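Here's the structure we're looking at; comments come further down.
Computed from the coordinates by the stated procedures, all read-outs in this text should not be read as laboratory data. Bear in mind that the values here come from a model prediction, so they are computed numbers and not experimental data.
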């Protein structure tokens, strides 16, 4: 069984690609501390370029990216991450279910008025960040993240990162087929219909996945 806290699943470059984060930003988060530990956890890779980011750290990066999208500054993101970790008494505070409840107010405290009101039709901040956090599935046993749905893929063919499947690589939620397998077959010259037949999907699902990857 994979340990979602310590087993390395992905290389930083792959985390950046899957979460649509600039590589330079992700590498900074892997180095920059908040409350004594990096903003995004990592473990030493067995070899240079090999996976070093556990699943729980993928979720940390996703939450930080959400705050970045909402307009938080670098300093505000670091301060909020440190506050959440102290409040919840865990270095993995950014990936605990409590972030969807207790943690929201901490984020608001570290936001200026414009961010707190959010820029999406002035919707309340809680509603806006809840829209990001709903893509995380929480483990009922330990209350930490257990699955992350990738926002860039449509409801037609939801794509997830789940440490139980594909060793952390994105997979189609319904079939657990690796997204790379679907896209690579299409890139190799197979038609959308042929790829759909191969993986027991609809052409609309295959097209949706390929479009999202190409974006």
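Extension gain, residue 24 to residue 198, is 58.9 nm, computed as 0.36 nm per intervening residue step minus the present C-alpha separation. For the chain, adding -39500 (n - 2.57) for each run of n ≥ 4 DSSP H residues and dividing by the number of residues yields -13000 deg cm²/dmol at 222 nm.
Straightening the chain between residue 191 and residue 152 buys 11.8 nm, computed as 0.36 nm per residue apart minus the Cα-Cα spacing.
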